[in-house]
Every structure is written in structure tokens, then in C-alpha cells.
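Here's a structure for you.
The values are calculated or read from the model by the stated rules, or taken from the named source; none is laboratory data. Everything numeric in this text was worked out from a predicted model, so none of it was measured. Note: ideal-geometry Cβ built from the backbone for every residue, glycine included; neighbour counts use all protein chains shown. We work out accessible area using only protein heavy atoms, side chains counted, and drop any ligands, DNA or RNA first. Shrake-Rupley method; radii C 1.70, N 1.55, O 1.52, S 1.80 Å.
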Amino acid sequence: MKADVLAYLALAAASFVATVTGGRSSSRRKHKEVFLGENSKFKFGGRIDYKLKRQDSTKTLLIKSEQLLRIEEHDFAMRPGFGGAPIPVGIDVQVESIDSISEVNMDFTMTLYLRHYWKDERLAFPSGSNQSRTFDSRLVKKIWVPDVFFVHSKRSFIHDTTTENIMLRVYPDGKILYSVRVTVTALCSMDFSSFPLDTQNCSLELESYAYNENDLMLYWKNGNDSLRTDEIVLSQFFIEHFQASSGLAFYSSTGWYNRLFITFILRRHIFFFMLQTYFPTMLMVVLSWVSFWIDRRAVPARVSLGITTVLTMSTIITGVSSSMPQVSYVKAVDIYLWTSFLFVFLSVIEYAAVNYCTTLEEMRKMKRGKIPSTFNASQAMAFDGCFHDNDIELTTFPRLAPTLTSEPLTSPTQSSDIRPIEGTRLRRQRSVRENVDLLVSNSYMIDSYSRLAFPLSYLLFNTIYWSMYT
């Protein structure tokens, strides 16, 4: 009996010792964990803090927004209200700038803010303050947005400095504002028949790529007020006005689509081309008339002046053509340049005719004996400037009384025998040959007539030209 009691006491004592020992070791372990935790926090930032540090806070907020908008509960590959009426999408555009207009490529580059307005009830969320939530491009990739594109665009891109210029604003009732800042280069079919006195009509067209009018209805949200522009200043054009309009486009394989138009009219500034093209051309034409006042026997002076003006006109025409597209019709500037070139060219031809007639006149006078016998053909050519010989000594011609009539073709004896019949009235008309002989005998008259005919003709041409194109 005593043995059992002793055994029981010994077992109880052992159990008590074990309990005390276990509690201490457990307490030590807890203190050790806390100590290690503080150590790790001091050295490594702590395990809990380290995990939180690896998790992006913005993505955490985005996950909460996705939960609020219930994005995972819906299939946003389908448009809102699929199978029902077409979803209306309002468009609002603010033109920031027109960066460039190229006549050679027939296009323009424009930077604008493109805003979309629609309603998607799948994104409605409860809000006590009725405040909207604004997101960036990361949420845009998870929901449905209109697939608006630019018709006839060559290049376009969304600005991404310092981040993508995309804004998404969701209202509690499911209304959405989606805005992007985009630069687009689009085709502009230009008509250069009146260049540079022309007015160009360009348009930027917007349309849904996949959804026809049965699924999506594009419209200007505020009518004509949907198109707003900043103060735009261009170097060569003046923007007369912007206009917003809409229409329908038909594709044989997919049907009818709503299309929106941003139309703007450009009127070209003429002053640049007046300085670079028209004024130099006028000066070259007037310069070519100077040869009419230079002595007809000064061959080097008149020929060099004529050739110089012709080459200068060729350079001006080449410079204008190189900056223009290769069109198959005649432009207004072409008419002016080539007509001016014709006036310059005719001034050279005029002197060639004067020089030829002068030579023939001297040869005839020499044959008829009105020139001293000491002259021969070589002397006459040398005096006229067409032939030069240093060994020939030139003497002056005897002064002749100027006459406006040509020499008779028949001899005096023959003409004296021909008498008109009594009672008849004669009216003598010169034949073509006699008129030609008159000009040949009086070659200086060609210069006299040219001094008046060329300026008057060019003045008449300018009057008609500027009245037609201005």
C-alpha cells in the first residue's frame, strides 16, 4: 500500500516537473521567435513587410476596382446590350494642332483629343456620393471600348509620354467617358488647278471598324459644338472654318456604317509665292525688254541679255516644279510661268529677226550702189556685228533720208509707161511681199513696235490672269 502511494507521488512529481519544463521551453521559443522577428525586421525589413513590398499598391487598388465594377462576372468581348438595339456612342473632338500639310504627298497631320461617350450597365457600381472613378489604360484593356478608326489614314499613334495618354472615367450609373490623345496623318485629295491661288477642302473621317449601324451608332455628342479647336496658325495656309458632319458609308460585304466627318477649308497665303515666284518672273520679263532699246548692231549685248533671261526663267520653272506633285493637268502657276517664258523667248527671236533684216538691208543697199564701192559684204557684216575682222577699216555710211515706202519693183522707165485709165479711181494695197520688203528696208521699225507691243501684251495677260484666279 505504501509502495503504491510512493509510486503515485513519484508519477505526480514527474508530471509536474515535465509541465514546468515544457512551459519554460515554450516561453523561450516564443521569446526566440519574437527576437528573431525583431532581428529580421532590423536586418531584412521583416518577412511580413517584405511580402507587402513585393506587391504593387496600384495593382492592389486596381484589383479592388475590378471587384467593385464586377469585371470578372461579365464577358466584355461582347458589346453592351448585345442582341438588342444598337449602342449609341457619342464623339467629341478637340483639335490641338495641325502639324503639317504636304502638297507632294497630298496629306495632313493633325493632333487631337478624341473622346467617346457611351453607357455600359455592366460597369455600374453603388456610390453614396455619386462620384465617378477615373482609371488609366490598364483598365481599358479589360473592358469593352468602341473600335473607332480613322478612314484614309496613313499613320496614327497614341501619345505615350510620360505614360499612355488614355483616360477612362466610369460613373455610378454605368456611363463612361473614354479619352485618348492621338496624332493622325490622313489623305487629303487636293486640286492644284488653281495653285497657288487655291483653296483646299480636307476632311478627317471616323468610323467603327467592326460594328455596322445595326450594332453601333456613332453621332456627334453636342452637334456642331462637338468640334472644338485651339488657335491654330499655319505658315502657308489660313484656316477658314471647321465643320462637323455625319453620314453613312456602304461596304458590299459588311453593310452600312455610321461615319463622322471633320471638314476644314484651307486658303493658301499668296504672299510667299509672290516673293518667290511671281515678282522674279515679272522682273525677268521686263529685263528682256531692255534689249529693244539697245542698238541693233550691238550683238554681244543683246544676245547675252536674251540668253540670261531665258536661263533664269528655266531655273524658276524647275524650282517650282520640284516642290509640287507630278499631276497630269496644268496649274495656274504653270500658265503664268510658261507664258512669261514665252515672252522672254520671243524677245530673243525678235532680235534674231532684227539682226537678219538689218543684214539684208545693208546687202541690198550695197548692191544698188547706195553704199560706197569701198564697202563689200564683209564690211557690211562687220558693221552689223555679225562678222568681225580686225583688218577691216569701217567708214561711215552716207546719211540717207528715211523713207517709209519700199523701193518699187519695176524700173522708172517701165513705171512711167503705165498710166491709169481716165475716170477710174484707184486704191493701192500693198501685197505681203511688199510689207515684208518694207520691214526689211526699215528693220529699226521692229524694235520700235516691240517697245510698245510687248509691254501692252504682257499687261493684258496679267489683267486676264489675275481676274480669273483671284
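What is the Cα radius of gyration of region 155-208 over 2.2 N^0.38 Å, N being its residue count? Write out the running numbers ahead of the final one.
Numbers: Rg = 18.0 Å, N = 54, 2.2 N^0.38 = 10.0 Å.
Ratio of Rg to 2.2 N^0.38 Å for region 155-208: 1.79.
In nm, give the distance between the simple-model label positions of Ala453 and Tyr329, each being 7 Å from the Cα along the Cα-to-Cβ direction.
For Ala453 paired with Tyr329, the spin-label model returns 3.5 nm.
Further question: Using a 1.4 Å probe over the heavy atoms of the protein chains, calculate the carbon and sulfur portion of the accessible area of region 71-265 as a whole percent. Can you show the working numbers first?
On the way: 4590 of 9700 Å².
Carbon and sulfur together cover 47 percent of it.
Say the dipole of region 71-265 comes from +1 at the beta carbon of Lys and Arg and -1 at that of Asp and Glu; which of Val180, Ser253, Leu112 then lies farthest toward its positive end?
Farthest towards the positive end: Val180.
With a 1.4 Å probe and every protein chain left in place, work out the accessible area per residue of region 82-230 in Å², rounded to a whole number.
Working: 6980 Å² over 149 residues.
Accessible area per residue: 47 Å².
What does the convex hull of the Cα atoms come to per residue for region 71-265, in Å³?
On the way: hull volume 28.8 nm³, N = 195.
Expressed per residue, the convex hull around the Cα atoms of region 71-265 is 148 Å³.
If you don't mind, another one. How big is region 212-324 in terms of Cα radius of gyration and Dmax, in angstroms?
Answer for region 212-324, Rg first and Dmax second: 27.0, 86 Å.
Placing +1 at every Lys and Arg Cβ and -1 at every Asp and Glu Cβ, with all other atoms neutral, what dipole size does region 71-265 have around its Cα centre, in debye to the nearest 20? The partial results should precede the final answer.
Numbers: 16 positive and 25 negative charges, 115 e Å.
Roughly 560 debye for region 71-265.
Can I ask one more? Can you send over the solvent-accessible area of Arg451, 1.4 Å probe, protein chains only, in Å² to the nearest 10?
Per-residue accessible area (Arg451): approximately 90 Å².
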